[in-house]
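*Asks:* Provided herewith is a single structure, encoded as structure tokens, for subsequent inquiry.
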Amino acid sequence: MTKADAALRAEALESLLIEKGLLNEQMVDDVIVRYNERVGPMNGARVVARAWTDPGFKARLLQDGSAAIEEFAFEGGQIDKLVVVENTDQVHNVVVCTLCSCYPWAVLGLPPKWYKDPAYRSRIVREPRAVLAEFGTRLPDRQNVKVWDSSAEVRYMVLPQQPPEWQALSEGELAQRVTRDSMIGVTVAGDD
Ligand code: FE
């Protein structure tokens, strides 16, 4: 399906649901505004900042992401299964949905355009280092790249490594600095 086809289908579906009285335009606009402006990637950044400053929370987050983020009571925070994968000196994680565009909306808001691009979806699997380099991310050879394929059932989020120069920052200050792209794994926190 091309992008124009997809847009057309979405529009047709929206009109149909409105016609059937199952939806109104305001509801659609509300959802877009909520995920775009209110949720945004800010929820994920708060999760990362807490994991960096609270080892107990970090352990719970890596053990069971969906249960751990319930501590925040995010609006629209229902994710059946959120799996958080941790970057280390040995492993760098990056997230994709090769099939379509599954994405952890509740923590990262709406997916960026490139995330839905067929080029990203196929190339990040075949040549992850080349794609990461295009995002300005160059990883040391000792770091393996692990690609996680999201689905309707399981959504992944990356827990980036905390930059050493951010050690003295508070949880709130850290949350201001964590970017969406570092939680998808195409960049490295503090480097983007
Ligand atoms: Fe998908």
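*Asks:* For Ala152, only one of the following conditions fails: (1) loosely packed, with under 13 Cβ neighbours inside 10 Å; (2) within 15 Å of the ligand (Cβ to nearest atom); (3) at pLDDT 95 or above. What is its number?
*Replies:* Looking at each condition in turn, Ala152 falls short on (3).
*Asks:* Something else now. Can you list the strands (runs of 3 or more DSSP E) lying wholly within the range 76-192 that have 1 or more residues being among the aromatic types (Phe, Trp, Tyr)?
*Replies:* Answer list for the range 76-192: 144-149, 155-159.
*Asks:* Continuing with the same structure: State yes or no: is Asp181 more than 16 Å from the ligand (Cβ to nearest atom) and within 15 Å of the chain's Cα centre (by Cα)?
*Replies:* Considered against the rule, which asks whether it is more than 16 Å from the ligand (Cβ to nearest atom) and within 15 Å of the chain's Cα centre (by Cα), Asp181 comes out as yes.
*Asks:* Further question: So, Lys146, is that one of a type in the set (Lys, Arg) and closer than 22 Å to Ala51 by Cβ or not?
*Replies:* yes
*Asks:* Further, regarding this structure: Since Val83 meets every condition but one in (1) more than 16 Å from the ligand (Cβ to nearest atom); (2) within 21 Å of Thr187 (Cβ to Cβ); (3) surrounded by 13 or more Cβ atoms within 10 Å (Cβ to Cβ); (4) of a type outside the set (Asp, Glu), which condition does it not meet?
*Replies:* It fails just one condition, (1).
The values are calculated or read from the model by the stated rules, or taken from the named source; none is laboratory data. Note that the structure is predicted; figures quoted are calculated from it, not measured. Because the Cβ atoms are built from the backbone with ideal geometry, glycine has one as well, and the counts that use them run over all protein chains shown.
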